[in-house]
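Here the structure comes first, spelled out in structure tokens, and everything after it is commentary.
The values are calculated or read from the model by the stated rules, or taken from the named source; none is laboratory data. This is a predicted model, so every value here is computed, not measured. Neighbour counts run over all protein chains shown; Cβ positions are idealised from the backbone, glycine included.
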Amino acid sequence: MRVSPKDLYRAMVRIRVCEESFVEPILAREILCPVHLYTGQEAVAAGVCAALSKEDYIFGNHRSHGHYLAKGGGMRELVAEVYCRETGCSRGWGGSMHLVDPSVGMMGSAPIVAGTVSLALGAALASKIRGDGRVAVSFFGDGASGEGVLCESLNFAALERLPLLFVCENNLYSTHLPIDEIRVSRKIFELGIPFGVTSRRVDGNDALAVHEAARKAVSMCRKGKGPVFLECLTYRMRGHVGPDDNIQGTHTDIRPPAEVEKWRRKDPIRRIERHILRNRVASREELAEIRAEAEAEVREAHDFARRSPFPGEGITEPT
Amino acid sequence: MTAKGRKLTYSLAINEALHQSMERDDSVLLLGQGVKSPWYVGNTAQGLLKRFGKLRVIDTPVSENAMTGAAVGASIVGMRAVVVHPRVDFMLYAFDPIVNEAANWSYMNGSRTPVPVVFWGVVNRGGEQAAQHSQSLHATFSHVPGLKVVMPATPFDAKGLMTAAIRDDGPVVFIDDRWLYDVEGVVPAEPYVVPIGRGIVRREGKDVSLVASSYMVAESMKAAAILEREGVDAEVVDLRTVKPLDVALILASVGKTGRAVIVDGGWKTCGLAAEVAALIAENGLCGGKNLIRRVTLPDTPAPASRSLEKGYYLDARKIVEAVMR
């Protein structure tokens, strides 16, 4: 199934508007839990999730607002969770790093680097055992390329021909460390090759390219020709955690301003916008309308979250 | 089939629990190192591969972290996975999926996804295997909120606790002991569960409570027989589940005898015996001097040489000494 560029645009704008809406409440310390904003990487979540059906499984990481929204998780429940309210998707027990909505196949996210790769492996194994045709996706970053469990999982997925899509969002920084300081080769996708996993790299800021690659990968997985490793080259426009590491992380964002600027010009949303307008897929007015809808939805979600109570005190487990 | 008094060994009781659980529920699967080979898991997995096929009985590469994580992931999406580690020592590679993911998963996701997974670790020590082929680590797992830990001492409990662990909707650590594999006992042929969190009094007595689990229950029973000849009437409490503890049972026994000797096949510091002792003391029992004693492994790694092993591991004699001291 190939989705229209307009739908990809809508998915990306919803994520972007949502992410940027957190900046003020974070700086005002209204939101306290650590928030890893997805701004700049929207094309990956939108492109991949558009290739999936509702029944397919995804597992995220610490930076997973985008994955949750792109897979169909509710905006209100996401925002309320970031505010750690009872009405959040994890009822205020998880916060920004633990987003879940099993009803749409968003099975969970966790901030142990590569910690959910093997969980997605198990979901793919379950799919193979049951023969239900579901595909599992594991989203992780370039930092996870240093974890042994990734190699273990690539090997087992290949051995069992599991319907598993490994999506590495290479944003070139493992928290504060540039990629050249964590590995010799920049080509993370090559990790899959010795294990016999179909592996390739795609421009992670080109939603159409990500979507096309994901569509092919998902189709291979469904035909029993998985797993597939997809490295999406992208960049985060905000801090590792919070809006700006130079404010919150006390000058820990050492990225050269020229590099940040270069990537700002490659903004994935402006890129698909240009494509849409050039090919007359939609008019400027229609795109403005999509953005306005997203803004209204996000505003309403903040109101909902702020009105919502905190979880009750003194309970030993969420009920 | 239901003939009363049918006997089975401890290992075949586990095997029967797996057969019956997999037959009853298509979502149950077994994975781990050596499920094809008695070299690893004795006869606990015999016949499973042939009967249920390689989709549900998977002999895996040596990748404890990913394989354990896969068991957790499969269970998050509706399977009931049992992942076996032929030695508990190997499970240390899998601490992330066990502790960070499985134990926390349901809590941190607002109870939206149960994780019905069994982490089966085999204590396989002695025989000059030294420090990395001998550890039990049940206290370490018990420390973690979100995990249940069971340690069967008899064939009946081995089957009933494995069945209960598989049917439980949360993560359960099942720790068995190779030294018990050949022990025979009465095991009903039909499926049944031994409830998690409930201990049992194996021998009634009035002078002292020997509180033990797993292999240490058998040694405590031997110790009680020796003590009887010395005129000491010992009660033996089998914990069966070490997390959560059967607090009422422990307190009732110690309340009656007024004295507790806690026997544990793990290390002393921050161990299971320490937890049981604290529980007894907190409840105002055994307040006097020398009324609570711990019989545990010393705080050292396990040695290899048979002469050293003899001093290291516990037996009935050491339990008797602790009672008589």
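Before moving on, here are some points about what is shown:
- On the stretch given as the range B:78-120, residues that are under 16 Å from A:Ser118 (Cα atoms), small (Gly, Ala, Ser) and either assigned to a helix (DSSP H, G or I) or in contact with a His (Cβ under 9 Å, 6 or more places away or on another chain) (or both) total 3.
- Among the residues of the range A:45-77, those identified as in a loop (DSSP other than H, G, I, E, B), more than 17 Å from A:Ser4 (Cα to Cα) and in contact (Cβ under 8 Å) with a residue 40 or more places away in the chain are A:Lys54, A:Glu55, A:Asp56, A:Asn61, A:His62, A:Arg63, A:Ser64.
- Any hit, the range A:244-257, residues being assigned to a helix (DSSP H, G or I) and surrounded by 19 or more Cβ atoms within 10 Å (Cβ to Cβ): no
- Among the candidates B:Asp169, B:Asp176, B:Asp238, B:Asp182, residue that is buried (at least 21 other Cβ atoms within 10 Å of the Cβ), charged (D, E, K, R) and assigned by TED's automatic domain parsing to the domain that holds B:Ala139: B:Asp176
- For the range A:85-140, filtering for residues that are touching a Gly at 6+ places or on another chain (Cβ under 8 Å), closer than 22 Å to B:Tyr93 by Cβ, in contact (Cβ under 8 Å) with a residue 40 or more places away in the chain and of a type in the set (Ser, Thr, Tyr) leaves 1.
- Answer residue from the range B:54-80, given it is more than 8 Å from chain A (Cβ to nearest Cβ) and among the basic types (Lys, Arg) and is farthest from the chain's Cα centre (by Cα) among those: B:Lys54
- Meets criteria (in contact with a Leu (Cβ under 7 Å, 6 or more places away or on another chain) and over 25 Å from A:Arg271 (Cβ atoms)) for A:Ala207: no
- Yes/no for B:Pro86 being crowded, with 19+ Cβ neighbours inside 10 Å, within 22 Å of the chain's Cα centre (by Cα) and within 27 Å of A:Gly131 (Cα to Cα): no
- Leading residue by the ranking (nearest to the other protein chains (Cβ to nearest Cβ)) among those in the range A:80-101 that are of a type in the set (D, E, K, R) and out of contact with any helix residue (DSSP H, G or I) (no Cβ under 6 Å at 6 or more places or on another chain): A:Arg91
- When the range A:136-153 is filtered for residues that are in a helix (DSSP H, G or I) and facing another protein chain (nearest Cβ under 9 Å), the ones remaining, listed by number, are A:Gly148, A:Val149, A:Leu150, A:Cys151, A:Glu152, A:Ser153.
- For B:Arg51, the criteria (1) within 12 Å of chain A (Cβ to nearest Cβ); (2) closer than 21 Å to B:Lys159 by Cβ; (3) among the basic types (Lys, Arg) hold in every case but one, which is (1).
- For B:Leu92: the one exception among (1) of a type in the set (A, V, I, L, M); (2) buried (at least 24 other Cβ atoms within 10 Å of the Cβ); (3) more than 30 Å from B:Met221 (Cα to Cα): (2)
- Selection from the range B:219-256 of residues that are more than 14 Å from B:Ala316 (Cα to Cα), touching a residue at least 40 places away in the same chain (Cβ under 8 Å), touching a helix residue (DSSP H, G or I) at 6+ places or on another chain (Cβ under 8 Å) and assigned to a helix (DSSP H, G or I): B:Ile250, B:Val254
- The range A:43-58 - residue that is over 20 Å from A:Val202 (Cα atoms) and not polar (S, T, N, Q) and, of those, farthest from the other protein chains (Cβ to nearest Cβ): A:Lys54
- Test: A:Glu169 is more than 8 Å from every other protein chain (Cβ to nearest Cβ), buried (at least 24 other Cβ atoms within 10 Å of the Cβ) and over 25 Å from B:Ser111 (Cβ atoms): yes
- When residues of the range B:22-40 are limited to those that are in contact with a strand residue (DSSP E or B) (Cβ under 6 Å, 6 or more places away or on another chain) and crowded, with 21+ Cβ neighbours inside 10 Å, the one modelled with the lowest pLDDT: B:Val35
- Scope the range A:169-211; condition assigned to a helix (DSSP H, G or I) and free of Cβ contacts under 8 Å to residues at least 24 places away in the same chain; matching residues: A:Asp180, A:Glu181, A:Glu190, A:Ile193, A:Pro194
- Considering B:Thr113, B:Thr140, the condition of being surrounded by fewer than 24 Cβ atoms within 10 Å (Cβ to Cβ), under 16 Å from A:Ala123 (Cα atoms) and either polar (S, T, N, Q) or free of Cβ contacts under 8 Å to residues at least 40 places away in the same chain (or both) is satisfied by B:Thr113 alone.
- Entry remark, the range A:102-123: residues being facing another protein chain (nearest Cβ under 8 Å) and either out of contact with any Phe, Trp or Tyr (no Cβ under 7 Å at 6 or more places or on another chain) or surrounded by fewer than 21 Cβ atoms within 10 Å (Cβ to Cβ) (or both) number 6 in total.
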